[in-house]
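Encoded as structure tokens, the structure appears first; notes follow it.
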Amino acid sequence: MPTSSQQSRLVIDYQNAMSSVVGEEHGISEADLDDIGGKVSQHHDRLQSEHDAGEQKWMDLPDDTALADRIVAFASEVRDTYQDFILIGIGGSSLGAIATIQALAHPYRNMLPDGKRGGPRIFILDNPDPEKVAATLDTVDLGKTLVNVVTKSGQTAETMANFLVVRDALIEAVGEEQARKQIVATTDPASGLLRQLADQEGYRTFPAPPGVDGRQTVLSAVGMIPAAIAGIDVHQLLAGAKAMRDRASSGDVRANPAYLLAAISWIADNRCGKSMLVTMPYVDALYGISDWFRQLWAESLGKKLSVDNEVVYAGQTPIKALGAIDQHSQIQLYTEGPNDKLIQLIAVGGYRDQVDIPTPPESIPDLSYLKGGELGALLDKERVATAWALANADRPNLSITTPVIDAFAIGELFYLLELQTVMAGALYDVDPFGQPGVEAGKNATYALMGRDGYDELRRELELRPNNAAAYRNAP
Ligand code: PA5
């Protein structure tokens with residue numbers, strides 16, 4: 001694999017997850033890491049051979065700089081033309097874009113004046129929630145709106161329904177011919193209903209990469225188009241991912257940060273009873289990353305069957321939290337409730353803004369400890385204090401620190417967490433790809449909506465005691 005010229009800069013501190021700090025029962029020991037090292041290294045070799053054989057295609061996404069070039073060109077063509085941009089997609093088709101934009105764009109980007117914002121306002125339609133969809137259509141100027149419909153399968157009910165609503169509104173506002181020009185579809189290059197419609201109507205299209213699950217497409221056109229529209233440097237996203245790929249190229253569990261995190265999570269769950277994994281950044285901008293990771297961890301590891309088709313009911317429940325807000329909500333439970341969680345904190349070496357805390361009135365001497373302080377320093381001290389308090393209560397935790405928040409660092413984080421998840425799947429002995437549980441719900445929705453070919457499933461659903469009609473009769 002080609003190597004990146006820039007170095008990965010993330011720092012991982014897992015001392016508070018170790019038995020030397022939180023005790024043998026709750027913490028990872030060096031012996032645990034020794035024990036798992038052989039399995040990790042075998043799976044590393046397997047992943048490498050699969051990659052060499054053309055599988056594990058998600059690992060190649062950071063190399064597609066030609067696609068990034070096309071996306072940058074597309075974004076610079078449309079950013080000044082449109083006032084509004086609507087992304088329609090759900091799950092892996094929107095969470096990565098949301099995480100990237102939340103991390104790297106101004107938090108109130110949509111409210112900034114045109115000149116200061118740069119590029120269109122961005123609206124996300126993921127849920128087919130009539131109130132949100134109606135409100136979005138009420139807010140945007142359809143004559144100046146670019147619509148990006150994103151579905152890898154090309155048929156997800158929520159996305160297709162939202163798209164049909166927006167497409168209809170667009171046609172009504174600007175006419176059929178112009179509406180087609182205002183739609184760009186990101187979907188499978190060859191198959192699916194959206195592909196058919198896009199070909200029929202002549203939409204501009206970008207590929208959802210074949211052979212890559214939706215939740216691992218953030219570094220493809222799926223995540224990069226909305227990011228580029230928001231003015232984010234998508235080449236730097238790819239460069240960061242590449243740098244992490246280089247750094248995480250060893251099969252040694254202690255030398256590879258992604259494998260180390262996977263091993264810690266797996267041992268924490270399987271030997272120490274930590275059936276939940278909390279991801280808690282100490283900066284609002286990275287809250288979207290914990291949301292994106294929540295889907296990645298849940299859909300990849302939550303599996304009924306092992307790779308040998310044995311019933312295992314595997315998985316570790318991912319929880320998203322935000323420091324310091326959740327210190328006033330969740331931390332009481334994490335510190336004193338059931339000791340069933342591993343907590344990964346995400347820290348920032350330096351915030352992008354500095355806000356000094358003004359000198360408090362002398363008449364309130366108890367506030368004088370804030371004198372000369374700064375908000376970022378306060379927030380980071382809260383993280384250090386929380387990590388200490390958790391460890392002091394024998395609650396294992398670790399910190400992933402990014403020195404700064406920029407596109408390179410976000411690319412690094414994405415790749416790190418993706419590889420961590422794939423290795424965790426191997427340790428759980430499940431296939432981290434595919435999502436049969438999601439598909440079951442999607443199929444049941446098609447059946448309930450009367451889609452052709454789903455009659456048998458519909459009859460089955462109607463016979464269930466917990467069907468919708470029975471539920472309505474409950475007291
Ligand atoms: O990870 C996945 O593949 C899923 O979560 C999908 O992203 C999600 O179900 C949306 O699917 P699609 O992109 O096919 O509309």
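Selection within segment 321-343: residues that are over 22 Å from the mean Cα position of the chain (by Cα) and of a type in the set (Asp, Glu). The member of this set that is surrounded by the fewest Cβ atoms within 10 Å (Cβ to Cβ) is GLU336. Quick check: is even one residue across segment 82-92 open to solvent by 30 Å² or more (accessible area, probe 1.4 Å) and charged (D, E, K, R)? Looking through segment 82-92, none of the residues is open to solvent by 30 Å² or more (accessible area, probe 1.4 Å) and charged (D, E, K, R). Tell me, yes or no, whether segment 293-302 has at least one residue that is outside any helix (DSSP H, G or I) and either surrounded by 18 or more Cβ atoms within 10 Å (Cβ to Cβ) or out of contact with any strand residue (DSSP E or B) (no Cβ under 9 Å at 6 or more places or on another chain) (or both). Yes - at least one qualifying residue is present in segment 293-302.
Segment 371-475 holds helices (runs of 4 or more DSSP H) entirely within its bounds, and those carrying 1 or more residues that are modelled with pLDDT under 95 map to 436-448, 455-463, 468-472.
For ALA161, the test of being within 16 Å of the ligand (Cβ to nearest atom), closer than 30 Å to ALA440 by Cβ, not in a helix (DSSP H, G or I) and not β-branched (Val, Ile, Thr) is failed. Select, from ALA255, ALA239, ALA227, ALA243, the only residue that is open to solvent by 10 Å² or more (accessible area, probe 1.4 Å), away from the ligand (no atom under 14 Å from the Cβ), of a type in the set (A, V, I, L, M) and in contact (Cβ under 8 Å) with a residue 40 or more places away in the chain. Checking each option against the conditions leaves just ALA239. So which residues in segment 190-208 are assigned to a helix (DSSP H, G or I) and either surrounded by 18 or more Cβ atoms within 10 Å (Cβ to Cβ) or within 14 Å of the ligand (Cβ to nearest atom) (or both)? LEU193, LEU194, ARG195, LEU197, ALA198 - these are the residues of segment 190-208 that are assigned to a helix (DSSP H, G or I) and either surrounded by 18 or more Cβ atoms within 10 Å (Cβ to Cβ) or within 14 Å of the ligand (Cβ to nearest atom) (or both). When you go through (1) open to solvent by less than 20 Å² (accessible area, probe 1.4 Å); (2) part of a helix (DSSP H, G or I); (3) touching a helix residue (DSSP H, G or I) at 6+ places or on another chain (Cβ under 8 Å) one by one for TYR287, which number turns out not to apply? Of the numbered conditions (1) open to solvent by less than 20 Å² (accessible area, probe 1.4 Å); (2) part of a helix (DSSP H, G or I); (3) touching a helix residue (DSSP H, G or I) at 6+ places or on another chain (Cβ under 8 Å), the odd one out for TYR287 is (1).
Within segment 72-104, if we keep just the residues that are hydrophobic (A, V, I, L, M, F, W, C) and in contact with a strand residue (DSSP E or B) (Cβ under 7 Å, 6 or more places away or on another chain), the residue that is farthest from the ligand (Cβ to nearest atom) turns out to be VAL78. Annotation note: of PRO403, PRO318, PRO360, the sole residue that is touching a Gly at 6+ places or on another chain (Cβ under 6 Å) and surrounded by 13 or more Cβ atoms within 10 Å (Cβ to Cβ) is PRO403.
The C-beta contact set for segment 290-307 (first residue near the ligand (Cβ under 9 Å from one of its atoms), second residue of a type in the set (A, V, I, L, M, F, W, C) and assigned to a loop (DSSP other than H, G, I, E, B), distance under 8 angstrom, 6+ apart or interchain) comprises SER300/PHE433. In segment 174-182 there is at least one residue matching the filter, namely being more than 16 Å from the ligand (Cβ to nearest atom) and outside any helix (DSSP H, G or I).
In the set (1) more than 9 Å from the ligand (Cβ to nearest atom); (2) over 18 Å from ARG121 (Cβ atoms); (3) open to solvent by 50 Å² or more (accessible area, probe 1.4 Å), LYS144 fails one condition alone, (2). Only a single criterion out of (1) within 9 Å of the ligand (Cβ to nearest atom); (2) crowded, with 22+ Cβ neighbours inside 10 Å; (3) of a type in the set (A, V, I, L, M, F, W, C) is not satisfied by LEU170, namely (1).
The values are calculated or read from the model by the stated rules, or taken from the named source; none is laboratory data. Computed from a prediction, not measured in an experiment: that's the story for all the values here. Positions of Cβ are backbone-derived with ideal geometry, glycine not excepted, and every protein chain shown enters the neighbour counts. Surface accessibility is based on the protein's heavy atoms, side chains included, excluding ligands, DNA and RNA. Shrake-Rupley method; radii C 1.70, N 1.55, O 1.52, S 1.80 Å.
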